[in-house]
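Take a look at the structure set out below.
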Amino acid sequence: MGKVLAIGPYSDRDAAALRDDFDAVFLPGLDDLAGLSPEDRAGAVALAYLGHHPLDGAVMDQLPGLRVIANFGVGFDAIDVPAATVRGITVTNTPEVLNDDVADLAVALLIAENRRLNGAEGWLRAGRWAQGGDYPVARKMSGRRVGILGLGRIGREIADRLAAFKCELHYFSRSEKPTPGWTWHADPVALARAVDDLVVAVVGGPDTQGLVSAEVIAALGPDGIIVNIARGSVINEAALLDALEGGALRGAGLDVFRGEPHVDPRFLALPNVTLLPHVGSATAETRAAMGALQRQNLRAVLDGRPAVTPVN
Ligand code: NAP
């Protein structure tokens, strides 16, 4: 069998499993492929990838024997899938196993922003409560009208949770879905007009770039909150910052950013945002399940069986 390369910051447990099961060779990043000998590059048949840096055809061409790229994560927008397909490379991801965590986080961000939890905690920590000041009242989250932009696996889990919070649910998808009575909108502006808050759960990549446009943000209006657990690329970040700074939007809860891990410093100066470092799936339980599914996909393709969760 050829070599399995593992690229990315794996946990000790996943690194040990990749080593034990596949005798994997570890590299910190895609740039380090250039440091391998031509023989080692030619001998690589599988790549276990954990990262968000673009993995394009030029990278794939460094590994001419590659049969599978097993992505650690459901979002594969960093991988040029058409380039993999024309090279006969199977691409796999890790769907479903992270739905609960990401949906939980989306709801947490919606509550945090409506109830101004960051500000309230800061108030206490700064001693302002003890000085006799009650924190200003916030806004109720239960019962709000919430729009889900992208009713996929995670979007549906978010909607199910918000239904339990008595929210009125609306969604945008490219086609209407069977739902328990949630309202479908054919475009994101119409969705934003119909709701109080917007939760972004579509795929990233070129097709959804800037889908949350200045027009969508304006349609949501000054009482609105945007939560994004999808990809930073989906939101026009400059328009979002302008709206948050100017009071045209009440708040935002963001787990993902354009150019992450570098975050536009304008966000850091805002009081009306909750900012998280892409931790949607970051629990021990879910990361273990993602690692296991990544390895099942590697094993299947290397054994000549169909991948468990292929994307091409
Ligand atoms: P999914 O089941 O494939 O759902 C994707 C949604 O995106 C669907 O509603 C789909 O709409 C929509 N979509 C796809 N292509 C589109 C296009 N060209 N234009 C408009 N809408 C489009 O994916 P998922 O498992 O729910 O994951 C969604 C995303 O969440 C992932 O791709 C990933 O980027 C992100 N994510 C983030 C974290 C985190 O840590 N924050 C963790 C996991 C996932 P249709 O219904 O019209 O097909």
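The values are calculated or read from the model by the stated rules, or taken from the named source; none is laboratory data. Computed from a predicted structure; not experimentally measured. So basically every Cβ, Gly included, is an ideal-geometry build from the backbone, and we count neighbours across all protein chains shown. Note: accessible area is taken over every heavy atom of the protein model, side chains too, but ligands, DNA and RNA are not part of it. Shrake-Rupley method; radii C 1.70, N 1.55, O 1.52, S 1.80 Å.
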> Looking at the stretch 1-31, which of the residues that are farther than 16 Å from residue 61 by Cβ and among the acidic types (Asp, Glu) is least open to solvent (accessible area, probe 1.4 Å)?
Replying inline: 14
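A quick yes/no check of all residues on (1) in a helix (DSSP H, G or I); (2) within 13 Å of the ligand (Cβ to nearest atom):
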{"residue": "13", "(1), (2)": "yes, no"}
{"residue": "21", "(1), (2)": "yes, no"}
{"residue": "69", "(1), (2)": "no, no"}
{"residue": "73", "(1), (2)": "no, yes"}
{"residue": "85", "(1), (2)": "yes, no"}
>> Quick check on this structure: which one of 217, 226 is within 16 Å of the ligand (Cβ to nearest atom) and open to solvent by less than 30 Å² (accessible area, probe 1.4 Å)?
In response: 226
> Any residue in the stretch 243-265 that is open to solvent by less than 10 Å² (accessible area, probe 1.4 Å), more than 21 Å from residue 192 (Cα to Cα), free of Cβ contacts under 8 Å to residues at least 12 places away in the same chain and away from the ligand (no atom under 16 Å from the Cβ)?
Replying inline: no
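Give me the residue from the stretch 131-152 that is in contact with an Asp or Glu (Cβ under 6 Å, 6 or more places away or on another chain) and charged (D, E, K, R) and, out of that set, farthest from the ligand (Cβ to nearest atom).
By that ranking, first place goes to 144.
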> So which residues in the stretch 88-112 are within 16 Å of the ligand (Cβ to nearest atom) and either charged (D, E, K, R) or surrounded by fewer than 15 Cβ atoms within 10 Å (Cβ to Cβ) (or both), if there are any at all?
Replying inline: 96, 100, 101, 104
> For the stretch 163-203, how many residues are open to solvent by less than 40 Å² (accessible area, probe 1.4 Å), over 22 Å from residue 251 (Cα atoms) and touching an Asp or Glu at 6+ places or on another chain (Cβ under 7 Å)?
Replying inline: 0
